[in-house]
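Peer 1: Structure in structure tokens, see below.
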Amino acid sequence: MAGTDEVGRGCLAGPVVAAAVVLRPGVRIPGLRDSKLLSRRKRRRLVRGILAACASFGIAGVSHASIDRINIRRASFLAMRRALRRCGGSIDHVLVDGFMIPDLGIPQTPLIGGDRRCRSIAAASVLAKVARDRRMVRLDRDYPGYGLGVHMGYPTAGHIAALERLGVSPIHRRSFAPVRRLIDGDDRLPI
């Protein structure tokens, strides 16, 4: 049984990233929780424990350009399907944080708040968040001034101010309203 989750759905820049994790039966990972409830430092520390406790895992992303082309919902599902394929081995059932994944081909159970209720989903949440954060830190070096390594692409006041000051970078999601408004010349950006 695999747990899967995605991160970066509400961001204005960068990819959406998903992870899938198959935990070995009976293994406990001290401190494991929903990634949103953990500090960056605690998430990074948990990665080693998660990798030691899992039978298999997969991590995959979908680019900002694909998000603009197919929409964030479809991109999130695509990232989860890719992560599950990369997980390898035989997966009999998938526990999903939130919604059913269309066209999965594997029995699945959606769990609202699954990252708080299920260890394998929480582990997937942590792996996806750490992987995406690392990617955003690298993108921050390529696109300085936006603060991507701090806010990770989420629509913070600082990110909106940087967009207004610097304009839209090549890795911003043009289909997202705050970015689209800036491209279209509407200076009434919501924060």
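The values are calculated or read from the model by the stated rules, or taken from the named source; none is laboratory data. Every value quoted in this text rests on a predicted model; they were computed, and no experiment measured them. In this analysis, Cβ positions are derived from the backbone assuming ideal geometry, glycine residues included, and neighbour counts consider all displayed protein chains. Heads up: the accessible areas ignore ligands, DNA and RNA and are worked out on the full protein's heavy atoms, side chains in. Shrake-Rupley method; radii C 1.70, N 1.55, O 1.52, S 1.80 Å.
Peer 1: Please identify, among 139, 166, 95, the residue showing maximal mean-square fluctuation in a Gaussian network model of the chain using a 10 angstrom Cα cutoff.
Peer 2: The residue with the greatest mean-square fluctuation here is 166.
Peer 1: Sticking with this one: Would you mind checking the radius of gyration and Dmax of the stretch 89-191 based on alpha-carbon positions, in Å?
Peer 2: Answer for the stretch 89-191, Rg first and Dmax second: 17.7, 51 Å.
Peer 1: Dipole of the stretch 1-113, Cα-centred, from +1 at each Lys and Arg C-beta and -1 at each Asp and Glu C-beta, to the nearest 20 debye?
Peer 2: So the dipole magnitude of the stretch 1-113 works out to roughly 620 debye.
Peer 1: Ok, one more. Taking the Cα centre of the chain as the origin and placing charges on Cβ (Lys, Arg +1; Asp, Glu -1), which of 52, 107, 166 is farthest toward the positive end of the dipole?
Peer 2: The listed residue farthest towards the positive side: 52.
Peer 1: Moving on. Report the relative contact order of the chain, percent, no decimals, based on alpha-carbon pairs under 8 angstrom and at least 6 residues apart.
Peer 2: 29 percent
Peer 1: Strictly greater than 21 Å: what percent of every Cα pair in the chain meets that?
Peer 2: Summing the P(r) tail past 21 Å for the chain gives 50 percent.
Peer 1: Separate question: Quote the charge dipole size of the stretch 1-56 about the Cα centre in Debye, to the nearest 20; the model charges only the Cβ of Lys and Arg (+1) and of Asp and Glu (-1).
Peer 2: For the stretch 1-56, the charge dipole is close to 420 debye.
Peer 1: Okay, helix-only estimate at 222 nm for the chain: each DSSP H run of n ≥ 4 adds -39500 (n - 2.57), divide by all residues, round to 500 deg cm²/dmol; what do you get?
Peer 2: -13500 deg cm²/dmol
Peer 1: Name the most mobile residue of 45, 116, 82, meaning the one with the largest mean-square fluctuation, in a Gaussian network model of the chain with Cα contacts below 10 Å.
Peer 2: Checking each option, the largest mean-square fluctuation is seen for 45.
Peer 1: Continuing with the same structure: Report in % the part of the accessible area of the chain that belongs to carbon and sulfur, leaving out ligands and nucleic acids; probe 1.4 Å.
Peer 2: On the chain, the fraction of accessible area on carbon and sulfur atoms equals 53 percent.
Peer 1: With springs only between Cα atoms under 10 Å, which of 142, 34, 68 fluctuates most in a Gaussian network model of the chain?
Peer 2: Of the options given, 142 has the highest mean-square fluctuation.
Peer 1: Per residue and in Å³, how big is the convex hull formed by the alpha-carbon atoms of the stretch 60-141?
Peer 2: Value for the stretch 60-141: 102 Å³ per residue.
Peer 1: Counting only heavy atoms of the protein chains, get the accessible area per residue of the stretch 52-92 (1.4 Å probe) and round it to a whole Å² value.
Peer 2: Heavy-atom SASA per residue in the stretch 52-92 reads 49 Å².
Peer 1: Report the accessible area of residue 100, computed with a 1.4 Å probe over the heavy atoms of all protein chains in place, in Å² rounded to the nearest 10.
Peer 2: Estimated to the nearest 10 Å², residue 100 gives 100 Å².
Peer 1: How far, in degrees from 0 to 90, does helix 119-142 lean away from the longest principal axis of the Cα atoms of the chain, to the nearest 10?
Peer 2: So the helix axis and the longest Cα principal axis differ by about 30 degrees.
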